[in-house]
Amino acid sequence: TTTAASPPATAKFPPGFLWGVATSGFQSEGSFPDSNWTRYADRKATGVEDPYGNSVDFRHRYPSDLKLAQGLGANVFRTSVEWSRIEPRRGHRDPAALAYYDDLVRRIKADGMRPMITLDHWVYPGWVADQGAWDDPRTQDDWLRNARFVVDRYKDQGVIWITFNEASAYIYKELTTRPMDLGQMMKMRDALIRTHRAAYDMIHELDPGAPVSSNVAYGSPVNGIFDAALFNDVTDKLDFIGIDYYYGANLQNFTAAYALAGQFWKIDPEPEGLYYVLKSYQRRGPGLPLYVVENGMSTDNGKPREDGYTRSDHLRDHIYWIQRAMADGVKMMGYNYWSLTDNYEWGSYRPRFGLYTVDALTDPSLARRPTDAVPVYRSVIANRGVPPGYVPVRKPGWCSIEDPVATCLGTTPTPPATAR
């Protein structure tokens, strides 16, 4: 018999589970209009190393990129509808931009996927920056007016709505890149909370039944600070808990600190941390399903990791620990891989997160080349999880920051002893 203390590694993902790939408009579209981030890139703000250029030109290559996602077996495609593109000047909506997003949503659905639309992935129009961004109360009204327009345009199409992507990271990026002082930071935090709460009600009014959330960034030891950015004040205005998980920390692994410098490829992944994170958020929102909105691994310009850990190892290990969490009663709704292709990682093309790699700086053809994780993700989706008896490549570390009581006292669930 199986008990909660010794869950099987074989808890299959249920039929109808949402398998997706995630990306964002600014990071992948290219040919981007005036915005806070095109300005940050142009003036080489703090943390900006590479010019934006044309990114991976998703703006013109989306039909073939969607076919790549469809080929994985994905049934969700996440991107953002960029305010800067559709309203480049206050009150003026660009017909070409609307035609592009209309066709993008149409094709996502035609290729058998649900659109997951992010309304704000850290980017706003240049004219909003000129009026003071989130310092100015008008921005909340302008944001909601734009969001209402977008939701009204794409309602009744099965959209999963994300208001703000990772509010904590949004605030941190503005703090370091814009930059802001502490007073501006707190003003932005309060504005995001008010705006999300209003947006949640507005979306349910326009698109009844559509799920709405704001995905949280999991940030290991400082996660209490991260959650204070938005999550703690909007738990009554979420239809699911969206989690972005890239790294954890235990007493054998503090490499998550490299994230602060954007050197994601130097982080030693901690797949079992996702198990504890999912259980923790489920305890905090017992009535809500969980969705891993982003999960992935960076390499250094596409080079293999020095420790030999591959993208496919990373993917299988994380899926394994999600299955363990499900066996322990966590209600999972979906999983998105970040990301379909490499893209502009907020100032640099060096961190490569894509299932398909793209040499944005050196390859004029911007060819999409599959990594080893492409057939693995296809297999995971088709088989609703990793094979029975799968043993994670990365062994659990000792004393996880995510659940110190359980893991420091030696009660962490261990994988099967059999070697893979």
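Evaluate the stretch 110-120: report whether one residue or more is open to solvent by less than 10 Å² (accessible area, probe 1.4 Å), in contact (Cβ under 8 Å) with a residue 12 or more places away in the chain and among the polar types (S, T, N, Q).
For the stretch 110-120, residues open to solvent by less than 10 Å² (accessible area, probe 1.4 Å), in contact (Cβ under 8 Å) with a residue 12 or more places away in the chain and among the polar types (S, T, N, Q): present.
For the stretch 339-357, what are the residues that are open to solvent by 10 Å² or more (accessible area, probe 1.4 Å), not β-branched (Val, Ile, Thr) and not in a loop (DSSP other than H, G, I, E, B)?
Within the stretch 339-357, Arg352, Tyr356 meet the criteria.
Within the stretch 232-246, is there a residue that is in a helix (DSSP H, G or I), under 23 Å from Trp398 (Cβ atoms) and touching a residue at least 24 places away in the same chain (Cβ under 8 Å)? Give the derivation first.
So in the stretch 232-246, the residues in a helix (DSSP H, G or I) come out as 232-233, 235-237.
The next check asks that each one be under 23 Å from Trp398 (Cβ atoms); those that pass are none.
Looking through the stretch 232-246, none of the residues is in a helix (DSSP H, G or I), under 23 Å from Trp398 (Cβ atoms) and touching a residue at least 24 places away in the same chain (Cβ under 8 Å).
Just to be sure I understand the filter: pairs with C-beta atoms under 8 Å, separated by 6 or more residues or on different chains, first member in the stretch 371-383 and within 8 Å of Leu72 (Cα to Cα), second member modelled with pLDDT of 95 or more and open to solvent by 70 Å² or more (accessible area, probe 1.4 Å). Which pairs pass?
Cβ pairs passing all conditions: none.
State yes or no: is Val105 part of a loop (DSSP other than H, G, I, E, B) and either under 19 Å from the mean Cα position of the chain (by Cα) or surrounded by fewer than 22 Cβ atoms within 10 Å (Cβ to Cβ) (or both)? Talk me through it step by step, then tell me what you get.
Details: part of a loop (DSSP other than H, G, I, E, B): no; either under 19 Å from the mean Cα position of the chain (by Cα) or surrounded by fewer than 22 Cβ atoms within 10 Å (Cβ to Cβ) (or both): yes.
Criteria not met by Val105.
Residue by residue, here is whether (1) β-branched (Val, Ile, Thr); (2) in contact with a helix residue (DSSP H, G or I) (Cβ under 9 Å, 6 or more places away or on another chain); (3) open to solvent by 30 Å² or more (accessible area, probe 1.4 Å) holds:
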residue: Ala256; (1), (2), (3): no, yes, no
residue: Ala261; (1), (2), (3): no, no, yes
residue: Gly287; (1), (2), (3): no, no, yes
residue: Val292; (1), (2), (3): yes, yes, no
residue: Asp307; (1), (2), (3): no, no, yes
residue: Ser312; (1), (2), (3): no, yes, no
residue: Val330; (1), (2), (3): yes, yes, no
residue: Tyr337; (1), (2), (3): no, yes, no
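So is Thr357 among the β-branched types (Val, Ile, Thr), closer than 19 Å to Met297 by Cβ and touching a helix residue (DSSP H, G or I) at 6+ places or on another chain (Cβ under 9 Å) or not?
Working: among the β-branched types (Val, Ile, Thr): yes; closer than 19 Å to Met297 by Cβ: yes; touching a helix residue (DSSP H, G or I) at 6+ places or on another chain (Cβ under 9 Å): no.
No, not satisfied.
The values are calculated or read from the model by the stated rules, or taken from the named source; none is laboratory data. Source: prediction; values computed, not measured. Glycine gets a Cβ as well: all are built from the backbone with ideal geometry, and neighbour counts include every protein chain shown. With ligands, DNA and RNA removed, areas are computed over all heavy atoms of the protein, side chains included. Shrake-Rupley method; radii C 1.70, N 1.55, O 1.52, S 1.80 Å.
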